[in-house]
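For reference, the structure is listed below as C-alpha cells.
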C-alpha cells in the first residue's frame, strides 16, 4: 500500500505542475523517498510511476528513458545518503541531475534515431535543462527538510515494518 501511495503522490505532483515547463517535484520526491524509505521501496515506486506515465502519455522513446534515469537518481541518492546530511548536498545532486536530464534523453534518442538527432535534441533543450536544474536546486533546498520530517513522522505513525 505504501508503494502505491508514494507512486500516486509522484504522479499527482508531476501532473499538478505540468503546465510549467521543467519545474517539477518528481526529483525532490524520489530523493526524499530514498532517504526516508530506502532505495528498494523507491525503486518499485519509480517502476510504477514510469509505467503510469505510459498509460497517461502513451508509449514513446522519452518514456523508456524514465526506466533508467529515475533508478539512476535513486542509486545516486542512496550512495550519497551515507555521507551527506545537509539539504545542500541533495540540492546540488538535483541541480546537476536537472542540468544533465536532456543529455540523458539525447543518448536514448540517439539509440532510436541516430547521433545527429540526439545532438539536435540535446541542444534544442538546453534552455529547458537550465530551468530544470536551477528549479530542482531551489525546490530541493527549500522543501527537502520539511518533507523528510513529515515523511519520517508519517512513517513512524502509520507504517511499521518488521526489522
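Read-outs: derived from the displayed coordinates by stated rules, not from any lab. Being a predicted model, the structure only gives us computed values, none of them experimental. No Cβ is skipped: glycine too gets one built from the backbone with ideal geometry, and neighbour counts run over all protein chains shown.
Filtered by the rule that a residue be in a helix (DSSP H, G or I) and over 26 Å from residue 89 (Cβ atoms), region 4-46 gives 4, 5, 8, 11, 12, 15, 16. Residues of region 45-61 that are loosely packed, with under 15 Cβ neighbours inside 10 Å and either in contact with a helix residue (DSSP H, G or I) (Cβ under 6 Å, 6 or more places away or on another chain) or within 26 Å of residue 152 (Cβ to Cβ) (or both): 54, 61.
When you look at residue 27, is it in contact (Cβ under 8 Å) with a residue 12 or more places away in the chain, within 14 Å of the chain's Cα centre (by Cα) and under 23 Å from residue 158 (Cα atoms), yes or no? For residue 27, the condition - in contact (Cβ under 8 Å) with a residue 12 or more places away in the chain, within 14 Å of the chain's Cα centre (by Cα) and under 23 Å from residue 158 (Cα atoms) - is not met. The condition (being surrounded by 14 or more Cβ atoms within 10 Å (Cβ to Cβ) and part of a helix (DSSP H, G or I)) is satisfied by just one residue among 100, 116, 157: 100.
Exactly one residue among 75, 59, 127 is more than 13 Å from the chain's Cα centre (by Cα) and either under 20 Å from residue 17 (Cα atoms) or assigned to a helix (DSSP H, G or I) (or both), and that residue is 127.
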